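K.L.:
The structure is given below, and queries will be raised subsequently.
Values quoted throughout were computed directly from the atomic coordinates according to the rules given, and no laboratory measurement underlies them. This structure is a prediction, so every number in the text was calculated from the model and none was measured. Because the Cβ atoms are built from the backbone with ideal geometry, glycine has one as well, and the counts that use them run over all protein chains shown.
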Amino acid sequence: MKYARLTKEQFEEMHQEFINFLATQSITGEEWGKIKKEQPKVAEDEMDLFSDLVWEGVLNKVEYLEHFSPNQVFLFYISEVTINLIAIKVENESVDITTREGYQWLQTNLMNEMVNIYTSSKALSEDRNKDIFALIKQGANITKGELYAYFKNIVDKNA
C-alpha cells in the first residue's frame, strides 16, 4: 500500500465508487460478501488498492496545504517541481494561533517583531504525491490557497 487505507467513514461515503471499482474487476456484491468472509486478506488488498487509487486522484489535484500549530503556520504551494513554503512563527508564548483570539492577535500584529515570516523552496522528489502525502500525515490540510496568496502578497511587498 502506497498511502493509507481509507477510514470506515470514507468508505461509506464512497460506497458507490467502491462498488464501481469492484465491478471493473468483475466482482459482484454477492462475490464481495463471500470474499470478505472467506478471503479476508484478498478483501483487504482490494480495499488498499481502492484507497491508493482514491488518494492518487486527490493528491494529483493538490496545489495548497496549510498546517497550524500553536505558534506556527506553514503554508505550502506545490508546483509541478517544487514545494514552496511560507512559514509564520509567533515568538509570543501567550499567543496560540490555533484559537480564534490567537489568530486575531496574529492578524493585528503581523508586522510586530514577535512575528517572523520565512520563505523556502525545495525540489519535489520523483514522487510528487508521496511528498504531499507525507505533509498530510504530519497534519497539513488541503486548501484552496487563499491564505498562501495573502501571505505571498505580504512577502512580495516586503522583499
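K.L.:
Going down the table (Lys41/Lys61; Lys2/Lys89; Lys89/Lys122; Lys34/Lys130; Lys34/Lys61), which pairs top 28 Å between alpha carbons? Walk me through the numbers before you get to the answer.
P.N.:
Numbers: Lys41/Lys61 31 Å; Lys2/Lys89 33 Å; Lys89/Lys122 19 Å; Lys34/Lys130 34 Å; Lys34/Lys61 35 Å.
Flagged as over cut-off: Lys41/Lys61; Lys2/Lys89; Lys34/Lys130; Lys34/Lys61.
K.L.:
Which residues among segment 57-77 fall inside the zone where the amide N is under 14 Å from a point 7 Å beyond the Cα of Thr99, along Cα→Cβ?
P.N.:
70-71
K.L.:
Dividing the Cα convex hull volume of the chain by residue count, how many Å³ per residue is that?
P.N.:
Details: hull volume 22.3 nm³, N = 159.
Spelled out: Cα convex hull of the chain, divided by residues, is 140 Å³.
K.L.:
Counting helices only, and only those DSSP H runs with n ≥ 4, report the 222 nm mean residue ellipticity of the chain as the sum of -39,500 (n - 2.57) divided by its residues, in deg cm²/dmol to the nearest 500.
P.N.:
Result for the chain, helices only: -15000 deg cm²/dmol.
K.L.:
Nearest 0.05, what FRET efficiency do Leu53 and Gln138 give at R0 = 30 Å with Cβ-Cβ as r? Kindly include the intermediate steps, with their values, before the conclusion.
P.N.:
Values: r = 23 Å, r/R0 = 0.76.
E(calc), rounded to 0.05, equals 0.85.
K.L.:
Rounding to the nearest 20 debye, state how big the charge dipole of segment 41-159 is about its Cα centre with +1 on each Lys and Arg Cβ and -1 on each Asp and Glu Cβ.
P.N.:
Dipole about the Cα centre, nearest 20: 400 debye.
K.L.:
Distance between Cα centroids, segment 67-96 to segment 1-61: provide it in whole Å.
P.N.:
For segment 67-96 versus segment 1-61, the Cα centre distance is 34 Å.
K.L.:
Which value in Å does the Kirkwood hydrodynamic radius of segment 1-59 take, with 1/r averaged over all unlike C-alpha pairs and then inverted? Mind dumping the intermediate values first?
P.N.:
Working: mean 1/r = 0.0855 Å⁻¹.
It works out to 11.7 Å.
K.L.:
Still on this structure, I have one more. What's the long-distance tail for segment 101-154, i.e. % of Cα pairs beyond 17 Å?
P.N.:
So the portion of pairs separated by more than 17 Å is 58 percent.
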